[in-house]
Amino acid sequence: MTDTERRCPVGNLAVEYNPFAEPQLSEPFAIWEQARQQCPVFYSEQLGAWVVTRYDDVVEVLGDYQTFSSVGASRGFSELTPEAQAVLATVPPPSQTDVVPTDPPRHTKMRRFIQLSFLPKRIADLEPRIRTIANELIDTIEPQGHCDFYRDFAYLYPLSVVTSLVGIPAQDLPRIKHWVECSLSLKWGRLDPAAQLAAAEGRKEYFEYLAEFVSARRDDDDDSFVAALVAHSKQSDDPLTETELVGQISTLMSAGHETTANFLTLSMDAFLTDRAIWETIVADPSRIPSVIEESLRLNGPVQSLWRTTTHDSALAGVDIPAGARISALTASGNRDDAMFEDAAAFDLDRDNTRKHIAFGRGIHSCAGSNLARMEVRIALEILSQRLPSLRRAQGGPLQFAPSALQRAPKALRLTWN
């Protein structure tokens, strides 16, 4: 028996699984189902990682940080060129700035501060501003009768919300968008040497911009997010360093808009492909919260969360060595028939929909989930009211950017009137 056969004794998933390439890039669902049925935990040569596909196993991984650590899990999938490494060496690495690639006790400290941005009152106070942002964006596109929904609404909308929360000037949104894409592509994409260098330079520019922004705002005496973050840090027994302060803003900026933009685009594509869902929203907006939860389960934007084993372990009877990289496929777990009856179907009356793991599980569950839900709810309320005749323009299925983290659609062309 070959090493590949030992790692995936049923089928040839070790070689065939490749989420970076078509058809799996656009339609990963069939191979996820094959894995859940035949080989729920397997080693992927393309990823250099063990892939976990069933709901219960994914929940086990996410709930046990002592065995499945986040430290070191967010490394890239391409060997960096010396030129890109030289640029990145001039700024602190994510391990010093981000909350995601950490475990307790450092994670406990970092998360405590990031949650300041998601206090219930702060989120509730944002609702009027969020509605204004959504309406202003629709004011811009409505007269045209058509748009690229991803570019013209889904991306700008949550990015405008999070920059408004942080206090970053609106004119800087295009640069923020570019820099966030640079950081994410370094972590989760596969880049050629030229793209690596450009992305590394973008990450450096982003860090320098945020460092200057935090420095300029840290002494403000107002209720802004930065001022509140600095004030709480000063009162703490373990205050944030300057680098950690920048990291808090960077984490909020990245996590606070990218996934919401992708989710809005994936959801709108699904709603307008199966118009019965959209017509339900238009006819009865009170169903929107249920639509959102079932959409999160079926079409959540995050497909995989990443961990590293701290010692020899086992999942679903498969031995996994210490130091192994783990791809916990939350999106596959959410389609597991063992957890959700007829899981591939969109069912607004499903009684256990909210057990989905679209926002993760355990200590690393998404701190901004309530803000994301509110943003999507408001967007659907306003879009269904103002543009009820929305439909997909002629064209093929969604195209996706290669990513080991999210399903990241590139565009969605819509028309109305």
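Only a single criterion out of (1) among the aliphatic types (A, V, I, L, M); (2) touching a residue at least 60 places away in the same chain (Cβ under 8 Å); (3) surrounded by 19 or more Cβ atoms within 10 Å (Cβ to Cβ) is not satisfied by A324, namely (3). Restricting attention to region 359-400, the residues that are in a helix (DSSP H, G or I) and farther than 28 Å from R131 by Cβ total 3.
Based on this model, can you work out whether F346 counts as farther than 14 Å from S267 by Cβ and aromatic (F, W, Y)?
Values: farther than 14 Å from S267 by Cβ: no; aromatic (F, W, Y): yes.
Answer is no for this residue.
For the condition closer than 23 Å to L380 by Cα and crowded, with 20+ Cβ neighbours inside 10 Å, I130 qualifies.
Here is a yes/no grid of residues against (1) part of a helix (DSSP H, G or I); (2) of a type in the set (S, T, Y); (3) more than 17 Å from A49 (Cα to Cα):
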| residue | (1), (2), (3) |
| --- | --- |
| R297 | yes, no, yes |
| R307 | no, no, no |
| D319 | no, no, no |
| G323 | no, no, no |
| S332 | yes, yes, no |
| R335 | no, no, yes |
| A338 | no, no, yes |
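All of (1) closer than 30 Å to S327 by Cα; (2) surrounded by 20 or more Cβ atoms within 10 Å (Cβ to Cβ); (3) not polar (S, T, N, Q) hold for P193 with one exception: (2). A single member of D152, D125 is modelled with pLDDT of 95 or more, among the acidic types (D, E), over 24 Å from S215 (Cα atoms) and part of a helix (DSSP H, G or I), and it is D152. In the set (1) among the β-branched types (V, I, T); (2) surrounded by fewer than 19 Cβ atoms within 10 Å (Cβ to Cβ); (3) within 24 Å of R354 (Cα to Cα), V59 fails one condition alone, (2). All of L191, L197 fail the test of being in a helix (DSSP H, G or I) and either modelled with pLDDT of 85 or more or among the hydroxyl-bearing types (S, T, Y) (or both), apart from L197.
Keeping to region 98-112, report how many residues are part of a helix (DSSP H, G or I) and over 16 Å from S254 (Cβ atoms). The qualifying residues number 5.
Between L240, L264, L252, L272, which is surrounded by 19 or more Cβ atoms within 10 Å (Cβ to Cβ), over 17 Å from M374 (Cα atoms) and of a type outside the set (S, T, N, Q)?
On the way: L264 fails: over 17 Å from M374 (Cα atoms); L252 fails: over 17 Å from M374 (Cα atoms); L272 fails: surrounded by 19 or more Cβ atoms within 10 Å (Cβ to Cβ).
Matching residue, one of L240, L264, L252, L272: L240.
Of all residues in region 139-186, exactly one satisfies the criterion of being among the polar types (S, T, N, Q), under 19 Å from R217 (Cα atoms) and surrounded by fewer than 14 Cβ atoms within 10 Å (Cβ to Cβ), namely Q171. Every residue in region 212-230 that is part of a helix (DSSP H, G or I) and surrounded by fewer than 14 Cβ atoms within 10 Å (Cβ to Cβ), please. Answer for region 212-230, where residues must be part of a helix (DSSP H, G or I) and surrounded by fewer than 14 Cβ atoms within 10 Å (Cβ to Cβ): E212, S215, A216. Residues that are under 17 Å from V58 (Cβ atoms) and either in contact with a strand residue (DSSP E or B) (Cβ under 9 Å, 6 or more places away or on another chain) or in a loop (DSSP other than H, G, I, E, B) (or both) within region 345-358 comprise N352, H356, I357, A358, listed in sequence order. Applying the set (1) more than 10 Å from R297 (Cα to Cα); (2) at pLDDT 95 or above to G333 leaves exactly one unmet item: (1). Please verify whether Q66 is polar (S, T, N, Q), crowded, with 17+ Cβ neighbours inside 10 Å and part of a loop (DSSP other than H, G, I, E, B), treating the condition exactly as stated. Judged against the criteria, Q66 is not a match. Using the structure shown, decide if I292 is surrounded by fewer than 23 Cβ atoms within 10 Å (Cβ to Cβ), within 16 Å of the chain's Cα centre (by Cα) and in a helix (DSSP H, G or I). Considered against the rule, which asks whether it is surrounded by fewer than 23 Cβ atoms within 10 Å (Cβ to Cβ), within 16 Å of the chain's Cα centre (by Cα) and in a helix (DSSP H, G or I), I292 comes out as yes.
The values are calculated or read from the model by the stated rules, or taken from the named source; none is laboratory data. Keep in mind that what you see is a predicted model, and the values were worked out from it rather than measured. Every residue, glycine among them, receives a Cβ derived from its backbone with ideal geometry; neighbour counts consider all protein chains shown.
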